[in-house]
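Following: one structure in structure tokens, then a few remarks.
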Amino acid sequence: MKLLEGKVAIITGASRGIGKGIAEAFVAQGATVAFSYVSSDEKAKALEQELSKGSGVAKGFKSDAADFDQAQALVDAVVEEFGRVDILVNNAGITRDNLLMRMTEEAWDDVIRINLKSVFNLTKAVMRTMLKQRSGSIINMSSVVGVGGNAGQSNYAASKAGILGFTKSVAQELGSRSIRCNAIAPGFIETEMTDALDEATVQGWRDSIPLKRGGTTEDVANLTLFLASDMSAYITGQVINVDGGMLM
Ligand code: NAP
């Protein structure tokens, strides 16, 4: 039997990068996948088609995770179409890096809204359904930067650290109903988000990692799959790094 057979998952921000890798892993393990995106219409359509081949069931929704009403509408549409929500992966995220001295209010607000408020929005929206089901697994994509900080990323680090406090509080509030909430802290994962960096910087990072490579989207998807499945039934309120040993 596949790990996610019969389960319905919502993944935010899955038109590319880590979210896409998670969507692929979930469908391969039998989940019905609803994923969101904001601007990549063609990539989302292509992914929906790729995931729907054979026995796969997947649907893309254009929905801004940072918007409270759109988050609720997304969950309502998923419940209407698929009947339940077993797994929520809060993956959508952006960077607007700059030293604090040069950081604009807009760069601060955008990152907090899209990375942190989105997690509140979607968790609130799925709560009622999961409470009724008396089960659920919520997985929040933080970052090693949320654990250790990083010069030039004070907005991003604050958003990712905020996710950790939120995760632990939700785990405490909802544990009695068998709803689990965990966070993943990826290190340096090579995606479009990191393609924007120059090659010398990237090689420097690879060299400084104990496992001597950047992570792949599969590395993060494998942990997400474990936390989404019943294999992790007694794990909640945790932050797990996927970082090749970057932070110890
Ligand atoms: P990415 O390649 O830039 O992809 C980001 C995804 O989020 C895209 O699908 C994008 O949709 C979507 N998105 C952006 N804003 C959204 C919004 N308001 N509502 C819904 N979807 C939205 O990023 P990634 O590298 O895969 O990162 C995914 C997550 O992992 C992020 O939370 C990031 O902070 C975290 N992370 C990444 C790394 C890394 O090294 N890559 C390390 C640690 C943590 P569109 O395509 O439509 O714009």
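The values are calculated or read from the model by the stated rules, or taken from the named source; none is laboratory data. Only a predicted model underlies this, so the values are computations on that prediction, with no experimental measurement involved. For neighbour counting, all protein chains shown are included, and Cβ atoms are generated from backbone atoms with ideal geometry for every residue, glycine included.
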Exactly one of Gly237, Gly204, Gly175 is more than 16 Å from the chain's Cα centre (by Cα) and either surrounded by 15 or more Cβ atoms within 10 Å (Cβ to Cβ) or in contact (Cβ under 8 Å) with a residue 60 or more places away in the chain (or both), and that residue is Gly175
Handout entry: So Asp64, is it farther than 19 Å from Ser229 by Cβ, more than 19 Å from the chain's Cα centre (by Cα) and within 16 Å of the ligand (Cβ to nearest atom)
Key = no
One residue is enough: does segment 111-131 have a residue meeting the conditions among the β-branched types (Val, Ile, Thr) and free of Cβ contacts under 8 Å to residues at least 40 places away in the same chain? no
Residue hits (segment 175-220; within 12 Å of the ligand (Cβ to nearest atom), hydrophobic (A, V, I, L, M, F, W, C) and part of a helix (DSSP H, G or I)) are Met193, Val202, Trp205, Val220
The residue from Val220, Val242 that alone is touching an Asp or Glu at 6+ places or on another chain (Cβ under 6 Å), modelled with pLDDT of 95 or more and hydrophobic (A, V, I, L, M, F, W, C) is Val242
Just wondering, is there one or more residues in segment 28-38 that are of a type in the set (S, T, N, Q), surrounded by fewer than 20 Cβ atoms within 10 Å (Cβ to Cβ), closer than 22 Å to Ser118 by Cα and touching a helix residue (DSSP H, G or I) at 6+ places or on another chain (Cβ under 8 Å)?
-> no
Expected output for segment 19-36 (first residue closer than 21 Å to Asp230 by Cβ, partner modelled with pLDDT under 95, Cβ below 6 Å, 6+ apart or cross-chain) is none
Of the conditions (1) in a helix (DSSP H, G or I); (2) more than 10 Å from the ligand (Cβ to nearest atom); (3) among the small types (Gly, Ala, Ser); (4) farther than 30 Å from Val79 by Cα, the single one that Gly146 does not satisfy is (2)
Within segment 1-54, residues over 12 Å from the mean Cα position of the chain (by Cα), within 18 Å of Asp86 (Cβ to Cβ) and within 10 Å of the ligand (Cβ to nearest atom) come out as none
When segment 75-117 is checked residue by residue, the ones that are touching a helix residue (DSSP H, G or I) at 6+ places or on another chain (Cβ under 7 Å) and either assigned to a helix (DSSP H, G or I) or among the basic types (Lys, Arg) (or both) are Val75, Val79, Arg84, Arg96, Leu100, Ala107, Trp108, Val111, Ile112, Asn115, Leu116
The residue that is surrounded by the most Cβ atoms within 10 Å (Cβ to Cβ), considering only those in segment 221-234 that are part of a loop (DSSP other than H, G, I, E, B) and free of Cβ contacts under 8 Å to residues at least 60 places away in the same chain, is Ala233
Discussion item. Among the residues in segment 69-79, are any more than 16 Å from the ligand (Cβ to nearest atom) and over 19 Å from the mean Cα position of the chain (by Cα)?
Written reply: yes
